[in-house]
Every structure is written in C-alpha cells, then in structure tokens.
C-alpha cells in the first residue's frame with residue numbers, strides 16, 4: 001500500500017527543519033538560524049495513529065527571486081508540492097503575515113491540494129496569541145499555533161493532516177503507484193538538460 005506523502009513548505013527561516021525533525025524523531029534535517037540551509041528535498045518515513053507516511057522537508061520559497069540557486073531551490077519545492085497528498089504551510093507567528101506568505105498561499109491554492117496552515121514559534125504555552133487571527137487573511141483555512149522548539153501543538157497538526165490521508169481501503173484498490181514529476185529545463189548555463197525527478201516506489 002502506498003504511503004501518504006506530506007510536504008512542509010514555507011518561506012525561509014520559519015522553522016521547517018525543526019518541525020520536520022521533531023515529527024520524525026531524529027535530527028535528519030540541518031537546523032540553523034539563517035535562511036538557505038536546506039536546499040534540496042529531505043525525505044523521512046514516520047507514523048501517526050497507526051498510519052505510516054512520508055514527510056518531506058523543503059527549502060524556503062522566495063517566489064520572486066531570479067537568483068539561479070534560489071530558482072533551483074524553488075523548483076525542488078514545486079516538485080514536493082506536485083507529489084504531495086497533503087501540504088503543511090508553515091509560517092512564523094512572531095513575524096506575522098508577510099508578502100512572501102501571501103505569494104506562497106497563491107501557489108498552494110493553485111495546486112488544489114489539501115493545505116494545513118501552521119503558525120510556528122507560538123512559544124507561550126497555554127496562552128492564545130491573538131496574532132494568529134491575522135493568518136485567516138491568507139484564505140488557506142484555520143491556522144494552527146505550534147512551537148516546534150517546545151513541541152507544543154504538533155499533535156493537533158498531525159491529527160489534521162491525518163484527516164486528508166487516503167482511506168486504507170481506497171489505497172489498496174489503487175495499488176502501488178510510482179509518482180514522477182517532470183519540470184522545465186534547469187536555469188543553469190552548465191546544465192541545460194531536462195530535470196526528471198523520480199520518487200522511488202513506496203511500499
């Protein structure tokens with residue numbers, strides 16, 4: 001039976017790697033307090049409520065940058081969005097809604113995939129941060145406050161993504177599926193061949 005795929009996306013430095021590492025239970029993704037550390041997709045298998053699924057950590061999205069490296073990182077995120085069954089849109093509640101958040105929300109709406117909006121860095125445990133209400137303006141749905149550092153609120157997010165997992169009977173009927181993403185030519189003067197990204201078959 002194919003495992004559901006969940007991609008974590010968001011702008012740089014909102015805590016995606018810390019969030020990813022906590023859910024998988026190990027420090028697989030590099031965590032530093034500066035943008036651009038994660039440049040490729042990082043995969044790990046984990047489990048919630050008896051369901052195995054694959055989680056993907058991605059680089060921070062900067063939709064309007066023409067920098068070659070940033071454009072390549074953005075393409076990696078686009079692939080993750082394409083192959084995902086559910087997307088976690090991670091934001092920073094301390095910084096509030098930014099223009100980049102708005103741009104990313106438009107990208108995610110166009111994907112037609114289920115999106116769970118998460119507001120990270122809500123570190124005052126037990127206290128409702130009124131800043132969370134601003135995130136309703138993104139039009140993604142109900143925002144969920146979490147602190148990846150303090151491991152608070154993450155269980156509620158996992159319960160939410162669990163709702164979007166294909167039912168096990170449906171997955172059995174569909175059988176095992178190989179997902180392939182094809183994207184345009186790489187924006188690099190030394191490498192102009194078509195990039196074909198292949199996700200290995202997940203049992």
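The values are calculated or read from the model by the stated rules, or taken from the named source; none is laboratory data. Just so you know, these numbers come straight off a predicted model, no measurement behind them. Ideal geometry is used to build each Cβ from the backbone, glycine not excepted, and the neighbour counts take in all protein chains shown.
Details
- With respect to being modelled with pLDDT of 80 or more, part of a loop (DSSP other than H, G, I, E, B), under 19 Å from residue 105 (Cβ atoms) and in contact with a strand residue (DSSP E or B) (Cβ under 8 Å, 6 or more places away or on another chain), residue 6 falls outside the description.
- Test for residue 123: is it within 26 Å of residue 48 (Cα to Cα), touching a residue at least 12 places away in the same chain (Cβ under 8 Å) and touching a strand residue (DSSP E or B) at 6+ places or on another chain (Cβ under 7 Å): yes
- In summary, residue 181 fulfils each of the numbered conditions (1) assigned to a strand (DSSP E or B); (2) at pLDDT below 55; (3) touching a strand residue (DSSP E or B) at 6+ places or on another chain (Cβ under 6 Å); (4) more than 19 Å from residue 4 (Cβ to Cβ) with the single exception of condition (4).
- Taken together, the residues in segment 38-49 that are assigned to a loop (DSSP other than H, G, I, E, B) and either modelled with pLDDT of 50 or more or surrounded by fewer than 16 Cβ atoms within 10 Å (Cβ to Cβ) (or both) amount to 4.
- Residues being at pLDDT below 95 and part of a loop (DSSP other than H, G, I, E, B) - total across segment 57-92: 10
- Screening residue 67 on (1) within 24 Å of residue 121 (Cα to Cα); (2) surrounded by fewer than 17 Cβ atoms within 10 Å (Cβ to Cβ) shows it passes everything except condition (1).
- Scope segment 93-120; condition in a loop (DSSP other than H, G, I, E, B) and either touching a strand residue (DSSP E or B) at 6+ places or on another chain (Cβ under 8 Å) or on the phi < 0 side of the Ramachandran plot (or both); matching residues: 93, 94, 95, 97, 98, 113, 114
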